[in-house]
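Have a look at the structure below, then the notes.
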Amino acid sequence: MAGDIVGITLLSLLISGTSTLVATLVAVPLGTFLGLREIGSARLLRTILFTLYGLPPVLAGLLVYLLLSRPGPLGFLGLIYTPLGMVFAQTLVVTPIILGITTSVVASVERRVKETAFVLGADARQLQVTVIKEAAAGVLTAVMVGFGRAISEVGAVFIVGGHIEGKTQVLTTTIITDIQQAQNEHAVALGVILLVLGGLVYYLLYRLQERTLP
Amino acid sequence: MTMSLEVGGLAKSFGGREVLRGIDARLSPGEIFSIVGPSGAGKTTFLRCVGFLTTPDGGSVRYDGAVAPADPPALLTLRRRIGMVAQNPFLFRGTVAFNVSYGLMSMAPPSTSGPPRRSGL
């Protein structure tokens with residue numbers, strides 16, 4: 001029992017951590033780009049992305065399931081009911097969140113910083129570097145929120161992962177099946193682990209955020 | 001002022017509201033010039049137009065007798081000769097030394113950038 005809990009916990013961390021990392025690598029540069037620009041196309045793109053911000057995880061899971069299932073367009077990759085497929089689904093859920101917050105943070109910082117840096121003689125590149133430095137703490141908050149969404153997410157990973165014992169079981173999906181099987185003590189234990197895990201990661205990111213502040 | 005400034009027929013509107021209309025001014029190097037007016041009169045808009053923070057709708061601004069160059073490096077050089085203190089100043093994250101030296105660091109060659117080490121700040 002203890003062995004499976006460790007395995008489930010590690011897989012949860014691996015899937016949520018990887019999807020947050022992939023989402024961060026995509027969303028932070030793109031969000032910075034969008035936040036720094038006030039052109040019409042970027043505004044339209046931002047509106048679309050903010051709509052995706054509220055994408056229900058179950059719907060994301062369904063989309064990824066249709067994509068990755070055997071008859072689907074990406075079925076040949078064989079990713080359905082695998083941890084990699086779960087990463088794909090979670091990345092789809094987390095990316096708009098990190099992207100939306102990063103865009104807002106950079107855009108709001110940009111307005112305040114731009115004029116001060118401008119009148120102090122900063123060129124375009126120096127201005128962008130200054131904005132990114134000022135926005136760093138807010139961007140870390142975006143990553144924290146993204147990880148929180150990933151680790152607590154259940155709908156998408158359930159559909160795409162299938163909750164296969166010893167293969168695609170994660171903390172959230174196991175809690176649900178435990179409750180269905182009246183294994184409430186096991187479910188509570190996993191819930192506590194989930195809570196501690198989330199708190200630990202938040203604490204580490206918070207410390208990192210503090211280091212970016214003066 | 002370390003340069004002469006000539007403003008002719010400066011105009012600026014925001015959403016149909018005319019803020020500046022036909023503003024003329026001539027400032028000589030070393031001259032102290034005050035712009036006085038009630039709140040909303042357009043004092044800040046005038047300064048922003050002169051300092052490249054706002055693009056005027058009409059009129060001209062000449063710096064040492066010449067209009068601002070279109071070439072970005074030349075414009076940057078001119079821009080760096082103009083200072084402006086905002087009504088509500090913004091402080092960057094970091095030390096007092098970083099904030100005080102930001103302008104100098106912006107203008108310094110890359111090899112000399114970085115906050116002053118012996119500033120005592």
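The values are calculated or read from the model by the stated rules, or taken from the named source; none is laboratory data. Predicted, not measured: the structure shown is a model, and the values here were computed from it. Methodologically, a virtual Cβ is constructed for each residue, glycine included, from the backbone with ideal geometry; neighbour enumeration extends over all protein chains shown.
Structure summary
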{"quantity": "Members of the range B:22-48 found to be surrounded by 15 or more Cβ atoms within 10 Å (Cβ to Cβ) and of a type outside the set (K, R), listed by number", "calculated": "B:I23, B:L27, B:G42, B:T44, B:T45, B:F46, B:L47"}
{"quantity": "Count - residues of the range B:34-56 that are of a type outside the set (G, A, S) and farther than 18 Å from A:V119 by Cβ", "calculated": "2"}
{"quantity": "Which listed residue is among the small types (G, A, S) and touching a helix residue (DSSP H, G or I) at 6+ places or on another chain (Cβ under 7 Å), from B:G42, B:G51, B:G22", "calculated": "B:G51"}
{"quantity": "The lone exception for A:V113 - which of (1) more than 11 Å from the chain's Cα centre (by Cα); (2) modelled with pLDDT of 90 or more it fails", "calculated": "(2)"}
{"quantity": "Residue in the range B:49-62 that is loosely packed, with under 10 Cβ neighbours inside 10 Å and not in a helix (DSSP H, G or I) present", "calculated": "yes"}
{"quantity": "Output for the range B:1-36, where each listed residue is on the phi < 0 side of the Ramachandran plot and among the small types (G, A, S)", "calculated": "B:S4, B:G8, B:A11, B:S13, B:A25, B:S28, B:S34"}
{"quantity": "Members of the range A:15-26 that are within 16 Å of A:A156 (Cβ to Cβ) and of a type in the set (A, V, I, L, M, F, W, C)", "calculated": "A:I15, A:V22, A:A23"}
{"quantity": "Filtered residues of the range A:102-139 (kept if more than 26 Å from B:G51 (Cα to Cα) and crowded, with 22+ Cβ neighbours inside 10 Å)", "calculated": "A:T102, A:T103, A:V105, A:V139"}
{"quantity": "Number of the condition not met by A:A117 [criteria: (1) among the small types (G, A, S); (2) more than 14 Å from every other protein chain (Cβ to nearest Cβ); (3) assigned to a helix (DSSP H, G or I); (4) more than 17 Å from A:G17 (Cβ to Cβ)]", "calculated": "(2)"}
{"quantity": "Search result, residues across the range A:68-101 that are over 30 Å from A:L127 (Cβ atoms), surrounded by 22 or more Cβ atoms within 10 Å (Cβ to Cβ) and of a type in the set (S, T, Y)", "calculated": "A:T91"}
{"quantity": "Criterion: of a type in the set (A, V, I, L, M, F, W, C) and either within 14 Å of chain A (Cβ to nearest Cβ) or touching a residue at least 24 places away in the same chain (Cβ under 8 Å) (or both) - qualifying residue of B:V36, B:V50", "calculated": "B:V50"}
{"quantity": "Unique match (being farther than 18 Å from A:L21 by Cα, part of a helix (DSSP H, G or I) and either in contact with a helix residue (DSSP H, G or I) (Cβ under 6 Å, 6 or more places away or on another chain) or not aliphatic (A, V, I, L, M) (or both)) among A:Q126, A:Q209, A:Q169", "calculated": "A:Q126"}
{"quantity": "Filter pass, A:G61 being under 15 Å from A:I15 (Cβ atoms), assigned to a helix (DSSP H, G or I) and within 18 Å of the chain's Cα centre (by Cα)", "calculated": "yes"}
{"quantity": "Candidate set: the range B:63-84, residues that are more than 8 Å from every other protein chain (Cβ to nearest Cβ) and part of a loop (DSSP other than H, G, I, E, B); chosen: the one surrounded by the fewest Cβ atoms within 10 Å (Cβ to Cβ)", "calculated": "B:A70"}
